[in-house]
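Since the structure comes first, as C-alpha cells, the remarks are kept for the end.
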Amino acid sequence: MGKLMKYELFRRSKLLISILIVLVFMEGAAVYGLYRGGEWLILFFIMLMGMAFAAFLVPLLDAVVNYYSDFKNTHGYMLFLTPQSGYSLIGSKAVFALIELLSALALVAVFYTANFHLAGAFGYTDELALLRTVFQQIPQMLGTSTAGIVSLGVTSGILQFFNTIMLAIFAVTLTKTLLSQKSFNWLIALLMYFALAMGIETVNGLVLTGFGFVTDMISFSQDASAVTLELGDEIKLDIIKYILVSMGLYVIWIGAAFTGSGMLLNKRVDL
C-alpha cells in the first residue's frame, strides 16, 4: 500500500499546494475583516465558514473525482492492472483522504485559534467572554467535559466524512460493475450514490427510533424549560447516546462499503 500512497501523493501534489494557498488566502482575508471591524466582520465570518466547509468538502471531492478518473482515463488501466488487491487500492484512497482531512482540519484549527487570540488583541473582549460562556455551558448541558465534547464531535465528524466518501466510492464501483456494458458516466454513479444514501438513512432512522429517539424528541419538545441555557441541566434529550449510536452505524456502513468495493475490484472490473 505504501507505493499506492506515494502514487496518490504524486498525482495530487499540485492540487494540494493549490488548496493550501487558497486556505492561507482565506485566513488572510478573515484577519483583514477582523482588523477592519464593522461591516467588514461579514467577510471575517464568511471566511471562517468557508474554511470549515472546504476542510470537509475538498478531501471528499478530491477522493471521489480521482477514483472516478481512474475508471475513465488511461492512467487507471495501469493502476487496476497492478498486482495489488482491491482492498489495498480502496484502502490507499481512503487513508489518503483521511490524511487530507486531518491535515485540513489541523490547519483550520490553527487559523481559528489564531483568530481567537487576534480578536482579543483587536478589542473584541465582550464578544469573546460571551463565546466562552456559551462553550462552558454546552458540556454542562450534555453532562460531559469540554474535552469530551471536542473528542466526540471530531470523531463523529470524521466518521461521517468516511461514511460519505466510502459510500461514494462504493457507488462508483458498483455502477461500473453492474453497468459494465453501458456508457459509464458520473450521472449514473451520482444517482446510485443517492439511492444508496437514501436507503442507509432510512435504516439509520429506524435504528435510532428503536433506541427511543422519537419518544425522547417528543418529550424534549414538550419541555419548554429545556431550551433555555439557564436551565440546561433539565434537558431531557440524551444527545450523546444518539451520537454514539450514529457513530456505530457509521462504522458498520464504512466497513460494508470498503468490503464491497474491495471485493468488486478483486474481480477486476471491465475497464
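The values are calculated or read from the model by the stated rules, or taken from the named source; none is laboratory data. Bear in mind the structure is a predicted one, so any value in this text is a computation, not a measurement. Cβ atoms come from the backbone with ideal geometry, glycine included; neighbour counts cover every protein chain shown. Please note that ligands, DNA and RNA were not included when accessible areas were found on the heavy atoms of the full protein model with its side chains. Shrake-Rupley method; radii C 1.70, N 1.55, O 1.52, S 1.80 Å.
Per-peptide packing, taken as the mean over residues of other Cβ atoms within 10 Å, places 258-266, 200-208, 168-176 in the sequence 168-176, 258-266, 200-208 from highest down. For Leu98 and Ala119, the FRET efficiency from 1/(1 + (r/R0)^6), where r spans their Cβ atoms and R0 equals 45 Å, is about 0.90. Each of Ser88, Leu57, Thr113 was scored by the projection of its Cα onto the charge dipole of segment 1-123, and the greatest displacement toward the positive side belongs to Ser88; charges sit on the C-beta of Lys, Arg, Asp and Glu. Accessible surface calculations at 1.4 Å, restricted to protein heavy atoms, place segment 1-123 at 55 Å² per residue. Were the residues from Arg36 through Asp126 laid out at 0.36 nm apart, the gain over their Cα-Cα distance would be 30.7 nm. For Leu20 and Thr202, the difference between the fully extended length at 0.36 nm per residue and the C-alpha to C-alpha distance is 61.8 nm.
A simple spin-label model places pseudo-atoms 7 Å from Cα toward Cβ; at Phe10 and Leu57 they are separated by 3.2 nm. In this structure, the pairs whose alpha-carbon distance is over 21 Å, taken from Lys93/Lys241; Lys6/Lys267; Lys14/Lys176; Lys14/Lys93, are Lys93/Lys241; Lys6/Lys267; Lys14/Lys176.
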